[in-house]
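**Student:** This is the structure I want to talk about, given as structure tokens.
The values are calculated or read from the model by the stated rules, or taken from the named source; none is laboratory data. Source: prediction; values computed, not measured. A quick note on method: Cβ atoms are made from the backbone with ideal geometry, for glycine too, and the neighbour counts reach across all protein chains shown. Only protein heavy atoms, including side chains, enter the accessible area calculation; ligands, DNA and RNA are left aside. Shrake-Rupley method; radii C 1.70, N 1.55, O 1.52, S 1.80 Å.
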Amino acid sequence: MSVTLEIEGLNLEKLLRAAAQEGVVLRNVYRSGERTLRVRVGLRQRRALEALCARFGWMVREVRAGLTLRAARWAARRSTLVAAALLGIALAAASSRLLLRVEILGAGENEAAVRTELLEAGVRPGRLRRALSTDSLRARLEYALPGLSFAGVRFEGSTLVVNCQRARIGEELAVPGEGLDLIASQPGIVTRIWASSGTPAVEAGQAVRAGQVLVRGEERTAGGEVYAVRAEGQVYARVWAQGEAQASLWHTRTVETGRQRERVTVVAPWGERVMQEAERFDSQDEDVRVQPIVGLFLPAYRRVETFAETVKLRERRTEEAAAALALGAAEEIAKKRCPVGSETLDKWANYSMIDDEFIYATVVIEVETGIAQRAQQTQP
């Protein structure tokens, strides 16, 4: 922190020598008048400079304080306001890391049971957000409460939102022994499964094939009797989409040779006349310019056609450039084969060279998507 002082008196040249002897560092020294001198000095050496000036009878007046010093003085005059602001910032920072409120949606008659499970899991206002795992809470609620088919748990600021889906009773009872199953629409590895009606036939981590039963259309009564129902639920699995593409190591580029020819034609409303003929090249680029004929009051103009000879050059790409083209095309194909709305989990790629002419690339994308579909009912 520093301050600018104005010193008034006679023989101010002595100040510089005396200040150097006393160890007082002066900066930005310049005369502001015949008998005045302005200097900038550190706050810690101000008193030493003022004592030196009092010894020689010079008057000292503060002109301007440094930005840091002015801020410190302002904070000292408004210490209560600064303390309140700092406290508010500290509370806001602390509250952003704490759980302050729990909101439960869609639980219906299960709301009390949901709150009890959350309390047993240690979910209460005042806990650190990082100490709570939303995935663990979701799994605990779905396991402990059969009245729920789904429980989504997420943080919205300092609020923990629990979005519940109540389980439904099976619909459209089928003929006994001919329940409507949920089967796999494609092969994959099951990641999540829940059934609001019917009996799960697979579990998380199990590999399934296309057409395999995921949720059987049957339920068992307390007495052990099995009856057919319409299976309802959701089954998510890791599945894979693959794309293949190839890119040539050679490409053709068109360049101009430098040879040009021009054809000039005068065009008027009653016809046109070629003023300068030019033969076309076998391979060429064309440019057409229209030039008005200055000095004539007729709607006539000159059409100038420029023919530039071109040749095609066959050039070899680098292996890296060809691989990038092939991998990009293969990835686009793989993305188009991914189910709509799926979540990408992983991706890997590989490429190889064929006969020193092509780069062949393969890209596999791993996604998570729903694979359950309704099995066709058996016709009697």
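**Student:** Which one is nearest to R374 (Cα to Cα), of the residues in region 213-271 that are basic (K, R) and modelled with pLDDT of 90 or more? Step through it out loud before you land on a result.
**Tutor:** Looking only at region 213-271, we keep the residues that are basic (K, R), and these are 216, 220, 230, 238, 253, 259, 261, 263.
Of the ones still in play, those that are also modelled with pLDDT of 90 or more are 238, 259, 261, 263.
Values: R238: 19, R259: 70, R261: 71, R263: 72 Å.
In this case the residue turns out to be R238.
**Student:** Kindly establish whether T191 is more than 16 Å from I104 (Cα to Cα), in contact with a Phe, Trp or Tyr (Cβ under 6 Å, 6 or more places away or on another chain) and at pLDDT 80 or above.
**Tutor:** Values: more than 16 Å from I104 (Cα to Cα): yes; in contact with a Phe, Trp or Tyr (Cβ under 6 Å, 6 or more places away or on another chain): yes; at pLDDT 80 or above: yes.
Considered against the rule, which asks whether it is more than 16 Å from I104 (Cα to Cα), in contact with a Phe, Trp or Tyr (Cβ under 6 Å, 6 or more places away or on another chain) and at pLDDT 80 or above, T191 comes out as yes.
**Student:** Kindly indicate whether V202 is among the β-branched types (V, I, T), assigned to a loop (DSSP other than H, G, I, E, B), modelled with pLDDT of 90 or more and closer than 30 Å to T344 by Cα. First the steps, then the outcome.
**Tutor:** Working: among the β-branched types (V, I, T): yes; assigned to a loop (DSSP other than H, G, I, E, B): yes; modelled with pLDDT of 90 or more: yes; closer than 30 Å to T344 by Cα: yes.
When the stated conditions are applied, V202 passes them.
**Student:** Tally up the residues in region 13-35 that are closer than 15 Å to F56 by Cα and in contact with a Lys or Arg (Cβ under 9 Å, 6 or more places away or on another chain), please.
**Tutor:** Qualifying residue count, region 13-35: 1.
For (1) at positive phi; (2) surrounded by 16 or more Cβ atoms within 10 Å (Cβ to Cβ); (3) touching a helix residue (DSSP H, G or I) at 6+ places or on another chain (Cβ under 7 Å); (4) free of Cβ contacts under 8 Å to residues at least 60 places away in the same chain, each residue gets a yes or a no:
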position: P339; (1), (2), (3), (4): no, no, no, no
position: T344; (1), (2), (3), (4): no, no, no, yes
position: Y351; (1), (2), (3), (4): no, yes, yes, yes
position: A361; (1), (2), (3), (4): no, yes, yes, no
position: E366; (1), (2), (3), (4): no, yes, no, no
position: T369; (1), (2), (3), (4): no, yes, no, no
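**Student:** If I filter region 56-72 for residues that are of a type in the set (A, V, I, L, M), at pLDDT 70 or above, loosely packed, with under 12 Cβ neighbours inside 10 Å and assigned to a helix (DSSP H, G or I), do I get at least one hit?
**Tutor:** Scanning region 56-72, I find no residue that is of a type in the set (A, V, I, L, M), at pLDDT 70 or above, loosely packed, with under 12 Cβ neighbours inside 10 Å and assigned to a helix (DSSP H, G or I), so the answer is no.
**Student:** Something else: Does region 118-131 include one or more residues that are surrounded by 14 or more Cβ atoms within 10 Å (Cβ to Cβ) and modelled with pLDDT under 85? Let's see the steps before the verdict.
**Tutor:** Quick first cut of region 118-131, residues surrounded by 14 or more Cβ atoms within 10 Å (Cβ to Cβ) only: 118, 121, 123, 127, 129.
Checking the rest, the ones that are also modelled with pLDDT under 85 come to 127, 129.
Yes.
**Student:** Next up: Taking interchain pairs and intrachain pairs at least six residues apart, which have beta carbon atoms under 7 angstrom, with the first residue in region 299-325 and more than 16 Å from T254 (Cβ to Cβ) and the second open to solvent by 40 Å² or more (accessible area, probe 1.4 Å) and among the polar types (S, T, N, Q)?
**Tutor:** Y301/Q291; R302/Q291; V304/Q291; T306/Q260
**Student:** Would you be able to say whether some residue in region 141-160 is among the polar types (S, T, N, Q), modelled with pLDDT of 70 or more and open to solvent by less than 70 Å² (accessible area, probe 1.4 Å)?
**Tutor:** Taking region 141-160 and keeping what is among the polar types (S, T, N, Q), we get 149, 158-159.
Checking the rest, the ones that are also modelled with pLDDT of 70 or more come to 158-159.
Filter once more, so that each one left must be open to solvent by less than 70 Å² (accessible area, probe 1.4 Å): 158-159.
Yes: one or more hits.
**Student:** Can you name the residue in region 286-307 that is open to solvent by less than 80 Å² (accessible area, probe 1.4 Å) and touching a Phe, Trp or Tyr at 6+ places or on another chain (Cβ under 8 Å) and is also nearest to V364 (Cα to Cα) among such residues?
**Tutor:** Ranking the candidates gives F307 first.
**Student:** Any residue in region 4-23 that's touching a residue at least 60 places away in the same chain (Cβ under 8 Å): show its pairings with residues that are part of a strand (DSSP E or B) and surrounded by 15 or more Cβ atoms within 10 Å (Cβ to Cβ) at Cβ separation under 9 Å, as long as the two are six or more apart or on different chains.
**Tutor:** Note: pairs meeting the criteria are T4/R38; T4/V39; T4/R40; T4/V41; T4/A65.
**Student:** Hey, could you check region 245-285 for residues that are free of Cβ contacts under 8 Å to residues at least 60 places away in the same chain, aliphatic (A, V, I, L, M) and in a strand (DSSP E or B) and say which is surrounded by the fewest Cβ atoms within 10 Å (Cβ to Cβ)?
**Tutor:** Residues of region 245-285 that are free of Cβ contacts under 8 Å to residues at least 60 places away in the same chain, as a first pass: 254-285.
The next check asks that each one be aliphatic (A, V, I, L, M); those that pass are 255, 264, 266-268, 274-275, 278.
Now narrow it down to the ones that are in a strand (DSSP E or B): 255, 264, 266-268, 274-275.
Working: V255: 9, V264: 15, V266: 14, V267: 15, A268: 13, V274: 11, M275: 12.
The residue in question is V255.
**Student:** Restricted to region 37-55, and to residues that are of a type outside the set (A, V, I, L, M) and assigned to a strand (DSSP E or B), which residue is most open to solvent (accessible area, probe 1.4 Å)?
**Tutor:** Going residue by residue through region 37-55, those that are of a type outside the set (A, V, I, L, M) are 38, 40, 42, 44-47, 50, 53, 55.
Narrowing further to those that are assigned to a strand (DSSP E or B): 38, 40, 42.
On the way: R38: 57, R40: 76, G42: 20 Å².
Selected residue: R40.
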